[in-house]
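Student: Sharing a structure below in structure tokens format, with a few things to ask.
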Amino acid sequence: MKLVKAQKIIHEAASVYSDSQLIWTLQSKSWVFDECGTMWFKSYRKTFASLNRIKSYRQPWTRPYSTSQTTVDSNEVKTFLAMAHKWWDEEGVYAPLHSMNDLRVPFIRDNLLKTVANHHPGKPLFGMKILDVGCGGGLLTEPLGRLGASVFGIDPVDENIKTAQHHKTFDPVLDKRIEYRVCSLEEIVEDTEETFDAVIASEVVEHVADLETFIQYCCQVLKPSGSLFITTINKTQLSYALGIVFAERIMGIIPKGTHTWEKFVSPEKLESILESNGLSVQTVTGMLYNPFSGYWHWSENTSLNYAAHAVKSMVPGHSGPTEIVFKGEKEEPQAEASTIPGMHEELKK
């Protein structure tokens, strides 16, 4: 009976996903289960055409989360501790995050370049100081460092930071531009208030213990006119059916228990929290992952994943971004360039 129920949920979710022209649509097949729970594929179009009942699917049971002054959830720490050695396996559980760099790195780069008049042609983010919160093994930290930024990566999981530290040693340039620390966001607020030109929280806010406190701390460490970048998962019926039931329990694309649906946040709620902390939302756009091709795509649909960019309001008396030098690195920015030669190669290194 449980198998039949799971089959029904996925049938319904897939129908809505197809109707919305989302990437999760199976390119050629639909689900059929045998008595052992094995999944194989058959032609899906006729089957999916009549399955359009996901809107009536009951929302999962929800429970309130208590407000606290810590942003770290100890249960989440245990989950990621078990996977700390898998960060740089491009075909493993973090494969979707590796692929996500094709979208999130240009998204961050291009929006930050709107704030500067000149940039180094080979290192467009040179002179910018970025905080990567929940950096994990450094999957996003490293490409930002290659773009010239001075990046400070923090994570509460000690083994994650050990993995990140080890991996950056393969590139001497990154060793100058990237620093890592085992700590939570709140631990560095007092020492780094209004320090960073940008704060990145990519695939993080759905794991924190207190979202509002987390956003407040992000705002505190940002310079006036600094940028906050967030990628996360919308709180919808579809995100439950596909992000948890399908991705975790059926397909095993990510380990079971990685996400908690109650912690997902809608773009509307996130925007409200951002604006209440003095951040002006500039962009919210949908992100869709195709588990069969392994690629992400931008979309107007934010039913599942989405990216947001917000800017902290300007305060009189504060200057703009300043040059940051890590570990004695000394470079002089060159004149403005209309194009960024070799950008693709830089990101792939």
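The values are calculated or read from the model by the stated rules, or taken from the named source; none is laboratory data. Remember, predicted model here, so these are calculated numbers, not experimental data. With ideal geometry, Cβ positions are generated from the backbone for all residues, glycine too; neighbour counts draw on all protein chains shown.
Student: Can you say whether residue 132 is under 26 Å from residue 298 (Cα atoms), part of a helix (DSSP H, G or I), in the same structural domain as residue 256 (by TED's automatic domain parsing) and modelled with pLDDT of 95 or more, as far as the supplied structure shows?
Tutor: In short, no.
Student: Restricting to region 279-294, name every residue that is modelled with pLDDT of 95 or more, more than 14 Å from the chain's Cα centre (by Cα) and surrounded by fewer than 18 Cβ atoms within 10 Å (Cβ to Cβ).
Tutor: Across region 279-294, the qualifying residues are 280, 281, 282, 283.
Student: Quick one: in region 150-176, of everything that is in contact (Cβ under 8 Å) with a residue 60 or more places away in the chain and of a type in the set (Gly, Ala, Ser), which residue is farthest from residue 86 (Cα to Cα)?
Tutor: Only one residue fits best here, namely 150.
Student: Further question on the same structure: Only one of (1) in contact with a Leu (Cβ under 9 Å, 6 or more places away or on another chain); (2) crowded, with 17+ Cβ neighbours inside 10 Å; (3) modelled with pLDDT under 95 fails for residue 194. Which number is that?
Tutor: Tallying (1) in contact with a Leu (Cβ under 9 Å, 6 or more places away or on another chain); (2) crowded, with 17+ Cβ neighbours inside 10 Å; (3) modelled with pLDDT under 95, residue 194 fails exactly one: (2).
Student: Further, regarding this structure: Tell me yes or no: at least one residue of region 257-265 is touching a helix residue (DSSP H, G or I) at 6+ places or on another chain (Cβ under 9 Å), in contact (Cβ under 8 Å) with a residue 40 or more places away in the chain and basic (Lys, Arg).
Tutor: yes
Student: Name the residue, out of 109, 104, that is of a type in the set (Lys, Arg), within 26 Å of residue 243 (Cβ to Cβ) and not in a loop (DSSP other than H, G, I, E, B).
Tutor: Going through 109, 104 in turn, just one is of a type in the set (Lys, Arg), within 26 Å of residue 243 (Cβ to Cβ) and not in a loop (DSSP other than H, G, I, E, B): 104.
Student: Checking the structure you have, find out if any residue of region 194-212 is within 28 Å of residue 158 (Cα to Cα) and over 20 Å from the mean Cα position of the chain (by Cα).
Tutor: yes
Student: Then there's this: Within the group 127, 37, 138, which residue is modelled with pLDDT under 65, part of a loop (DSSP other than H, G, I, E, B), surrounded by 11 or more Cβ atoms within 10 Å (Cβ to Cβ) and at positive phi?
Tutor: 37
Student: Output the number of residues of region 246-264 satisfying the condition of being surrounded by fewer than 18 Cβ atoms within 10 Å (Cβ to Cβ) and either under 15 Å from the mean Cα position of the chain (by Cα) or not basic (Lys, Arg) (or both).
Tutor: Of the residues in that region, 8 qualify.
Student: Still on this structure, please answer the following. Scan region 92-109 and report the pairs whose first residue is under 14 Å from residue 135 (Cα atoms) and whose second residue is in a loop (DSSP other than H, G, I, E, B), with Cβ atoms within less than 6 Å and a gap of 6+ or a chain change.
Tutor: Close Cβ pairs (under 6 Å, with a partner that is in a loop (DSSP other than H, G, I, E, B)) amount to 94/87; 97/139; 98/90.
Student: Taking region 189-214 as the search range and keeping residues that are of a type in the set (A, V, I, L, M) and in contact with a helix residue (DSSP H, G or I) (Cβ under 7 Å, 6 or more places away or on another chain), which one is farthest from residue 162 (Cα to Cα)?
Tutor: 211
Student: Among (1) among the charged types (D, E, K, R); (2) surrounded by fewer than 20 Cβ atoms within 10 Å (Cβ to Cβ); (3) closer than 25 Å to residue 299 by Cα, where does residue 89 come up short?
Tutor: (3)
Table: residues versus (1) within 18 Å of residue 97 (Cα to Cα); (2) of a type in the set (Gly, Ala, Ser); (3) touching a Gly at 6+ places or on another chain (Cβ under 6 Å); (4) not assigned by TED's automatic domain parsing to the domain that holds residue 98.
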residue	(1), (2), (3), (4)
141	yes, no, yes, no
148	no, yes, no, no
156	no, no, no, no
166	no, no, no, no
174	no, no, yes, no
181	no, no, no, no
191	no, no, no, no
